[in-house]
Every structure is written in C-alpha cells, then in structure tokens.
Amino acid sequence: MASTRERALHAAVDEVADHGIRALTHTRVDRRAGLPPGSTSNWFRTRSALLAGLVEHIAASERTTAPTRAAEQITSPDALVDTLTATIEALTGEHARRTRVRLTLFLDAAHDDELLAPLHEQRAAFVTWTTALLAQVGARHPAEAARTLLACGNGLVFHRLTVDPEAPVRPVVERAVRACLD
C-alpha cells in the first residue's frame, strides 16, 4: 500500500490534471487522496513545498516509467524510431495526465529555477541520451540533431495532448529521425 506521502502526491497529480495548478491546495489533495485533513501539510508544510514535491514526483515517475530501451539495443535508425515512437505514445497515452501536469508545471513555474531543477535535470539527461543515440546511429551532427528531434517530439506531444490525441506518431518521428541523420 502506498504511503500517505505517495497518496498525496498521486492525488496532487490528479488535482492539477483535472483542475489546473491554481486548484492545488492541501485541503483538496487530502480530500482527493481520502486522507484525514492536514495529512498533506504534514509532508509539505507550504504550497511551495507541495509544488516542489510534485515536481520531484513527476520527474521520478517519468524516470521509472520511460519506455526507452537501453542505448546498446538501439543500433539502427529504425530502432531509434521504435523507441521514440513508444516514448511519445506513452507520454500522450497511458501517462498523458502526468505529462499534462509536467507541462503545466514548466509553464507556471518558468520563473523559478529551483522549483524546476528536477525537471531540467531530467531534460538534460534525456538530451544527453538522445545525442548519444543519434551519434550511435550515424548522425553527422548529433547535438544539433538532438535539439531538432526533441523539439519535434515536444511539438508532437503537445499536439496530441491538446488537439488530436490520435495523431499518428511513427510517421512524424521517422521523418524527423531521417532528417536528423543528414
């Protein structure tokens, strides 16, 4: 069974996913999690602490559920396309609520580097991973290609979350990967 802290964090994700960042309060999280009043504030004394806990929770959740394959398994452009397609489909499918919350946090807390540090660290690790994979599959300029590929992927994630949840992923990823190899 999940700890009180974990229940509160899962409820915080759901609260923000359903009602936006301004709805995030200790009382609403307690109620949503089915916790006694004051339980969330025992773990997160202030709203800022609750937001920081939520940011770290999102980052940790994404690290543990990313459907990426080990780098040594990605030895061809097709394997890279498969991995990135699976990642985007997971972010906009089974993990869409969490992805929406991450994007909300990025936008709402854009002025707070300390709050966003866990998400920025995760992003930097993903950039490094993508750059290495692009080099491994033959990109001539892997760092530039990684920036391009990640921008394309971010756009596709945003499009699927806001406009067309069924937008095809693989054809877009395949074109982007092929372009990044030139």
statement: Scalar couplings 3J(HN,Hα) for the range 45-50 by Karplus 6.51 cos²θ - 1.76 cosθ + 1.60 (θ = phi - 60°), nearest whole Hz, x for Gly and Pro, are 4, 10, 5, 4, 5, 5
message: Under a crude label model (7 Å from the Cα following the beta-carbon direction), how far is N42 from R175 in nanometres?
response: 5.4
statement: Once both label points are put 7 Å beyond Cα along the C-beta direction, the R140-F158 separation in nm becomes 2.9
task: Report, in debye and to the nearest 20, how large the dipole of the range 93-158 comes out about its Cα centre when Lys and Arg carry +1 and Asp and Glu carry -1 on their Cβ.
output: 320
query: With point charges of +1 on the Cβ of Lys and Arg and -1 on the Cβ of Asp and Glu, referenced to the Cα centre of the chain, which listed residue (A49, V137, L103) lies farthest in the positive direction of the dipole?
result: A49
field: Reciprocal of mean inverse Cα separation for the range 4-45 (Kirkwood radius, Å)
entry: 9.7
statement: Longest principal axis of the chain (C-alpha) makes with the long axis of helix 142-162 (C-alpha) an angle, in degrees to the nearest 10, of 50
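May I ask you to derive the relative contact order of the chain, considering only C-alpha pairs under 8 Å and at least 6 residues apart, and to give it as an integer percent?
On the way: 175 pairs, mean separation 39.0, N = 182.
Once divided by the residue count of the chain, the mean separation gives 21 percent.
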message: On C-alpha positions alone, give me the angle between the axis of helix 113-136 and the longest principal axis of the chain, in degrees, nearest 10.
response: 20
- request: Could you compute the FRET efficiency for I21 and A167, with r as their C-beta to C-beta distance and R0 at 25 Å, rounded to 0.05?
  value: 0.45
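Taking the Cα centre of the range 4-45 as origin, work out the dipole magnitude from +1 charges on Lys and Arg Cβ and -1 charges on Asp and Glu Cβ, in debye rounded to 20. Walk me through the numbers before you get to the answer.
Working: 7 positive and 5 negative charges, 29 e Å.
In total the dipole reaches around 140 debye.
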field: Positive-pole candidate from P37, V163, T25, dipole of the chain, charges at beta carbon
entry: P37
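Each value in this text was obtained by applying a stated rule to the coordinates, not by laboratory testing. As the structure is a prediction and not an experimental result, all values here were calculated from the model. Please note: Cβ atoms are built from the backbone with ideal geometry, for glycine as well, and neighbour counts cover all protein chains shown.
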